[in-house]
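Heads up: the structure comes next, in structure tokens.
The values are calculated or read from the model by the stated rules, or taken from the named source; none is laboratory data. Note that the structure is predicted; figures quoted are calculated from it, not measured. Cβ placement follows ideal geometry from the backbone for every residue including glycine, while neighbour counts extend to all protein chains displayed.
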Amino acid sequence: RHILLINGPNLNLLGRREPHIYGSTTLADVEAQAHAQAASLDISLETFQSNHEGAIVDRIQEAAGWGLTAKSLDAPSSAESDGGEQSKNNSNRPDRVSAIVINPGALTHTSVAVRDALLGVNIPFVELHVSNVYAREPWRKHSYFSDKAVAIICGMGAYGYTAAIEFAARHMKLEEV
Ligand code: DQA
């Protein structure tokens with residue numbers, strides 16, 4: 001059972017960026033807490049942050065055990081395919097992530113590409129926002145993710161990450177990998 005926590009653009013600035021909106025907890029604090037929580041829940045967890053839409057798409061594809069290129073998509077991707085590109089690329093990772101917790105940042109409101117990546121890999125995901133996006137600018141109310149998310153968390157501050165991981169670990173049927 002393996003959870004991938006993804007943070008999108010500007011979330012590397014958590015704790016420093018608009019603290020009246022996003023609070024004072026840093027991304028390093030969030031990720032350290034997430035790792036401790038995962039250990040106590042007996043699941044494995046990986047964290048990924050990027051300011052780049054394409055890098056997030058690539059990481060989501062990898063979460064399915066798929067490579068980054070069209071060529072490796074043709075190759076068998078299971079762990080049994082000894083010596084395959086994929087098992088080399090991901091030697092320290094389980095082949096497949098069982099759930100994704102994602103704070104897409106501003107990509108929430110813009111990214112068909114990240115939405116399509118999540119739908120393409122067919123891995124269940126929880127969408128999370130540190131702030132209450134419904135109490136802010138009107139355009140933040142639209143998300144490219146919410147209609148496909150298993151659950152949505154917003155406005156809980158940094159605690160939202162704890163809540164999302166707890167929910168993903170205990171209430172989503174995670175595949176054994
Ligand atoms: C955010 C909300 C988004 O509207 C914003 O662009 C972010 C962070 C949040 O965590 O509250 O970057 O996803």
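Here are the numbers:
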quantity: Residue, farthest from the ligand (Cβ to nearest atom), within the stretch 1-38, restricted to residues that are surrounded by 14 or more Cβ atoms within 10 Å (Cβ to Cβ) and of a type in the set (Ser, Thr, Tyr); calculated: 26
quantity: Every pair of residues 6+ apart whose Cβ atoms lie under 9 Å, when the first sits in the stretch 95-116 and is at positive phi while the second is of a type in the set (Gly, Ala, Ser) and within 12 Å of the ligand (Cβ to nearest atom); calculated: 105/8
quantity: Members of the stretch 131-163 that are near the ligand (Cβ under 10 Å from one of its atoms) and of a type in the set (D, E, K, R); calculated: 136, 137, 140, 141
quantity: Elements of type helices (runs of 4 or more DSSP H) in the stretch 24-136, at least 2 residues being of a type in the set (A, V, I, L, M, F, W, C) and at pLDDT 95 or above; calculated: 27-41, 53-63, 112-121
quantity: Any hit, the stretch 164-175, residues being closer than 19 Å to residue 46 by Cβ, touching a strand residue (DSSP E or B) at 6+ places or on another chain (Cβ under 6 Å), more than 10 Å from the ligand (Cβ to nearest atom) and small (Gly, Ala, Ser); calculated: yes
quantity: Per-region count, the stretch 95-126, residues crowded, with 18+ Cβ neighbours inside 10 Å, more than 16 Å from the ligand (Cβ to nearest atom), more than 15 Å from residue 52 (Cβ to Cβ) and among the aliphatic types (A, V, I, L, M); calculated: 4
quantity: Cβ pairs under 7 Å, 6+ apart, first in the stretch 132-159 and in contact (Cβ under 8 Å) with a residue 60 or more places away in the chain and of a type outside the set (S, T, N, Q), second within 9 Å of the ligand (Cβ to nearest atom) and not in a helix (DSSP H, G or I); calculated: 157/130; 158/130
quantity: Residues within the stretch 114-170 that are touching an Asp or Glu at 6+ places or on another chain (Cβ under 8 Å), among the hydrophobic types (A, V, I, L, M, F, W, C) and within 20 Å of residue 59 (Cβ to Cβ), tallied; calculated: 3
